[in-house]
Amino acid sequence: MESTRRTVAELVAERWGDRRPGLWCEERVLTHHEVAAGAAARAALLADLLPPGAEPHVGVLLDNTPEYPMWLGAAALAGAAVAGINPTRRGPELARDILHTECRTVITERAHLSLLTGLELPGVRLLLTDTEEYDDLLASYTGAEPDASRATPDDRLLLYFTSGSTGAPKAAICTQGRLAAAGRSLVGQFGVSRDDVHYVCMPMFHGNAVIADWAPALAAGAGVALRRRFSASGFLADVRTYGATYFTYVGRAVQYVLATEERADDRDNPLRLGFGTEAGAVDAAAFERRFGVRLVEGYGSSEGGAAVQWSPGTPCGAVGRAAPGLAVLDPETREECPPAVFDAAGRLLNGAESIGELVNRGPNPFEGYWRNPGAEAERRHDGWYWTGDLFYRDADDYLYFAGRTDDRLRVDGENLAAAMIENILARYEGAAAVAVYAVPDPVTGDQVMATVAGSFDPVGFADFLAAQPDLGTKMAPRFVRVVERMPVTATNKIHRAGLRKEGFRCADPVWWRPPGEGSYRRLTREDAEGPLVSTRGPA
């Protein structure tokens, strides 16, 4: 395919001479030409900054400002790679991310300088984008023009961190060829044109914003509107101000927008599409009813090893139909899981058997992790790519997301998927958000714990559980933590690792269902410190 032979550098260079408005951020407006010129100047600067023999990597620790896409373009033109640095990381963990990716230069701003103060970063130079010194430095390169001839499709362009519930984040590699191909694929899938404006409100250190939002805009010559940091209250105002037609989301972002006060003119907006993951069918339907905008739930492993595309006719709740090579396997037996069985209301009845790990047994574009062969081996074994994500499929081969393999629970010898239980608990009227995860059983395996954001009535909750026909006997939460607001990561995903770590010994109110009982009562300190005996079989 043509897209696999293209480079991001070529896409950047194609905008040279394009005088249409192309980049909006707060009060600032740049033309496509100005963005390309800015990328060219920074590419020339980067070439002089890189020490001989050093890896061509530059760390970018910025909010979503015009500097971010210009440094992405600069790295592409220079045949270099950007390591997106997460500003929620702290101390030695932050230093580790920079040193692990061998960044000799870090592009940042004064707002983030305190994060780097005092860190051991030998040989690392900092450039502050909002200083006169930086402006003076760039001034020497303002005559540079974009030259795409130095770049190849196999050049590394992104080192973006992914992580599970344990261990240090892994830096996934994305080449220019893969990013250009991803952008052009989404252009074709969603009919992106030069007249579209892509609203980038997810953080650009994360693959979602760059791969699913910025890349298709660049490939189509569409405009880009930036939000420094995601704001639910500012979402609709930004969309209207910038004339945004497309946006991407991750995690709970859609839920936060829905939580803002409704207005009679909510449908008066230029959006035509939202693309992302983990919004959930209920919130997606509510978003379309309120704003008149269809949300398309897609799936692509962060590392690029597997993808599922939505297509017309995809059932409600499904991500899309399994492409050749994709299978849902039992990770222990390596056998395919049986198709899902649903009741008349569409509720999954055989989750314990049908939920397994999504595996790509065909060709895939996974390009590895930077300096992490052990993590690569976990992804590639038996000659296949293991996504680390749980799915189930129906009889027509449509796939349904069921969470991460880290989110699997084993209760009384039965494997359960947290996402399946969450979908049931989300029906509880008082729940604004729900997270389900495992806490250790004092004998063996796990017990089910849930965190509920919103109001909680222990009697009403127990009655609610008893009325759910698809809630298996092992699924009812033993513990329920009640919070005002669900803790989330910088990318608006539920902070499951933190919830699991705190368990039921936390500062928030926790209700529990003692063994052998069907009702919930407040967990006391004596309860928490005592021998919590697990229930064997139905409670």
Where a residue in the range 215-242 is on the phi > 0 side of the Ramachandran plot and its partner, wherever it lies, is surrounded by fewer than 23 Cβ atoms within 10 Å (Cβ to Cβ) and of a type in the set (G, A, S), with Cβ under 9 Å and at least six apart: G221/S193
Options Y437, Y369, Y428: the member that is among the hydroxyl-bearing types (S, T, Y), over 24 Å from G298 (Cα atoms), crowded, with 18+ Cβ neighbours inside 10 Å and out of contact with any His (no Cβ under 8 Å at 6 or more places or on another chain): Y428
Residues satisfying the stated conditions in the range 261-282, i.e. more than 21 Å from F190 (Cα to Cα) and surrounded by 14 or more Cβ atoms within 10 Å (Cβ to Cβ): D266, V282
Of all residues making up the range 372-394, the number that are in contact with a Leu (Cβ under 7 Å, 6 or more places away or on another chain) and under 14 Å from E303 (Cα atoms): 2
Where G280 falls short, out of the listed (1) over 18 Å from the mean Cα position of the chain (by Cα); (2) at positive phi: (1)
Every residue from the range 82-126 that is over 24 Å from I211 (Cα atoms) and of a type in the set (D, E, K, R): R90, E93, R96, R104, R110, E120, R125
Among (1) touching a helix residue (DSSP H, G or I) at 6+ places or on another chain (Cβ under 7 Å); (2) buried (at least 19 other Cβ atoms within 10 Å of the Cβ); (3) closer than 20 Å to D135 by Cβ, the one test that A47 misses: (2)
Search result, residues across the range 265-289 that are of a type in the set (A, V, I, L, M), within 24 Å of Y242 (Cα to Cα) and not in a strand (DSSP E or B): L271, A279, A284, A286
Residue match in the range 357-378 (condition: closer than 30 Å to T473 by Cα, among the hydrophobic types (A, V, I, L, M, F, W, C) and more than 24 Å from the chain's Cα centre (by Cα)): no
Test: residue in the range 68-78 that is modelled with pLDDT under 95 and in a helix (DSSP H, G or I): no
Residue match in the range 478-489 (condition: more than 26 Å from T88 (Cβ to Cβ) and part of a strand (DSSP E or B)): yes
Residue that is touching a strand residue (DSSP E or B) at 6+ places or on another chain (Cβ under 7 Å), under 16 Å from R513 (Cβ atoms) and crowded, with 18+ Cβ neighbours inside 10 Å, where the choices are F479, F464: F479
Test: residue in the range 127-149 that is touching a strand residue (DSSP E or B) at 6+ places or on another chain (Cβ under 9 Å), assigned to a strand (DSSP E or B), within 25 Å of E297 (Cα to Cα) and modelled with pLDDT of 95 or more: no
Test result for A43, in the same structural domain as R156 (by TED's automatic domain parsing) and in a loop (DSSP other than H, G, I, E, B): no
Inter-residue pairs, beta-carbon under 7 Å, first within 15 Å of R184 (Cβ to Cβ) and in the same structural domain as A151 (by TED's automatic domain parsing) and in the range 7-20, second surrounded by fewer than 16 Cβ atoms within 10 Å (Cβ to Cβ) and among the β-branched types (V, I, T), 6+ apart: T7/T152
Enumeration of residues in the range 328-365 that are surrounded by 20 or more Cβ atoms within 10 Å (Cβ to Cβ) and closer than 30 Å to R156 by Cβ: E357, L358, V359, N360, N364
Failed criterion for A419 (all others in (1) out of contact with any helix residue (DSSP H, G or I) (no Cβ under 6 Å at 6 or more places or on another chain); (2) in contact (Cβ under 8 Å) with a residue 24 or more places away in the chain; (3) surrounded by fewer than 18 Cβ atoms within 10 Å (Cβ to Cβ) hold): (3)
The range 105-126, subset part of a strand (DSSP E or B) and of a type in the set (A, V, I, L, M), residue surrounded by the most Cβ atoms within 10 Å (Cβ to Cβ): I107
From the options Y428, Y385, residue that is assigned to a strand (DSSP E or B) and of a type in the set (S, T, Y): Y385
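A quick yes/no check of all residues on (1) hydrophobic (A, V, I, L, M, F, W, C); (2) under 24 Å from Y160 (Cβ atoms):
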{"site": "T333", "(1), (2)": "no, no"}
{"site": "V341", "(1), (2)": "yes, no"}
{"site": "A352", "(1), (2)": "yes, no"}
{"site": "L358", "(1), (2)": "yes, yes"}
{"site": "R379", "(1), (2)": "no, yes"}
{"site": "L390", "(1), (2)": "yes, yes"}
Qualifying residue in the range 290-300 (condition: assigned to a loop (DSSP other than H, G, I, E, B), crowded, with 19+ Cβ neighbours inside 10 Å and of a type in the set (D, E, K, R)): no
Any hit, the range 499-513, residues being surrounded by fewer than 19 Cβ atoms within 10 Å (Cβ to Cβ), touching a residue at least 60 places away in the same chain (Cβ under 8 Å) and assigned to a helix (DSSP H, G or I): yes
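The values are calculated or read from the model by the stated rules, or taken from the named source; none is laboratory data. None of the values given here were measured: they were computed from a predicted structure. All Cβ positions, glycine included, derive from the backbone under ideal geometry; neighbour counts span all protein chains shown.
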